[in-house]
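The values are calculated or read from the model by the stated rules, or taken from the named source; none is laboratory data. Source: prediction; values computed, not measured. Note: ideal-geometry Cβ built from the backbone for every residue, glycine included; neighbour counts use all protein chains shown. Accessible surface areas use protein heavy atoms only, side chains included; no ligands, DNA or RNA. Shrake-Rupley method; radii C 1.70, N 1.55, O 1.52, S 1.80 Å.
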Amino acid sequence: MATAAACASSLLAPPSASCAGPAASGALFPTSVPSLRAYPRLLLAFRGPAFTAPTRPRTGKAALPLKRDRTRSKRYLEIQKLRESKKEYDVPMAISLMKQVANTRFVESAEAHFRMNLDPKYNDQQLRATVNLPKGTGQTVKIAVLTQGEKIDEARAAGADIVGSDDLIEQIKGGFMEFDKLIASPDMMPKVASLGKILGPRGLMPNPKAGTVSPNITQAIDEFKKGKVEFRVDKTGIAHIPFGKVNFPEEDLIANFMAVVRSIERNKPSGAKGIYWKTAYVCSSMGPSIKLNIKEMLDYGADSSN
């Protein structure tokens, strides 16, 4: 009875010789064939391969090859031989290296990228200002002016490309955007407020902090024509600032770059805490980033200002 109970309890295990009886141990054809349920692996073999649902094609960033599978261009590999990715350079060496790696068929812009210890969601940690580049930007800036009365003639005499009042506002509402900067006199701001949804996303809305709202229209036009640049930190606390063209002499690029550094230092927000500068890089439009030594950069700025 005990043997029968043990054989009955092990239903999933294959039957042993003691449970099958004497006929199963020595007979060529067993009297009973065990069910496939006693062999789960064998049951899966009879069912065939597991069904897999078709996957959707990847789009966007998910469709990009992994970093280990990407192939680099010959230009990129040649540039990598000129610089060390983890090395921190001083300002003159970084500017010189930036000019060496800029070898495209067009004149690239020189760009500076600074990660600041700022959180722009707080009002006292927002950084937005302007800087006058002493050697210019190397670009032709098309300026439109919104004013009225006698200042219309003053703006035209100062070199404004487009000058208007209510007529220019109507043109902008109709989709006219053929200008790089929009300067407005203070008496026009109540009317310009209706253009906020159009100009705001494009970064063209006149603002006193950016120097594009000024009672002195002539001076504002002259500054932007000579190389005045507006900058601000984005939501991640990074400021992206162009400071010339790579075909500028190294001395001119250094002068423009240090003017940017001094402007950021001078406009430090009141809510900034701890270390103000996190990282600093320079690069050309199509070139790799070159990391700067922040201490040497600030010391170089102090020496050049003296």
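Structure notes:
- Note on Phe106 and Asp180: their simple-model spin labels are 1.4 nm apart, each label 7 Å out from Cα toward Cβ.
- Only Cα pairs under 8 Å and 6+ residues apart enter the sum, and on that basis the relative contact order of the range 183-293 stands at 15 percent.
- Taking the average, over residues, of other Cβ atoms within 10 Å as the packing measure, peptides 91-102, 106-117 rank 91-102, 106-117 from highest down.
- Potential lengthening between Lys86 and Asp166 on full extension [0.36 nm per residue; Cα-Cα distance subtracted]: 23.3 nm
- Taking every protein chain into account, the accessible area of the range 90-166 amounts to 50 square angstrom per residue (probe 1.4 Å).
- Summing Cβ point charges (Lys, Arg +1; Asp, Glu -1) relative to the Cα centre of the range 108-227 gives a dipole of roughly 380 debye.
- Here the range 97-235 exposes an accessible surface that is 46 percent carbon and sulfur, computed with a 1.4 Å probe and the other protein chains kept in place.
- Peptides 137-146, 73-82 ranked from most to least packed give 137-146, 73-82, packing being the mean of other C-beta atoms within 10 angstrom over each peptide's residues.
- In order through the range 178-191: 3J(HN,Hα) via Karplus (6.51 cos²θ - 1.76 cosθ + 1.60), integer Hz, x for Gly, Pro: 8, 7, 9, 9, 10, 10, 10, 7, x, 6, 9, 5, x, 7
- On full extension, the segment bounded by Met189 and Ser73 gains 36.7 nm, given 0.36 nm per residue less the C-alpha separation.
- Two-site FRET efficiency, Asn123 against Asp222, from Cβ-Cβ distance with R₀ of 45 Å, rounded to 0.05: 0.90
- Approximate spin-label separation Ile238-Gln148, in nm, with each point projected 7 Å along Cα-to-Cβ: 4.3
- Dipole size of the range 68-119 about its Cα centre, with +1 on Lys/Arg Cβ and -1 on Asp/Glu Cβ: approximately 420 debye, rounded to the nearest 20.
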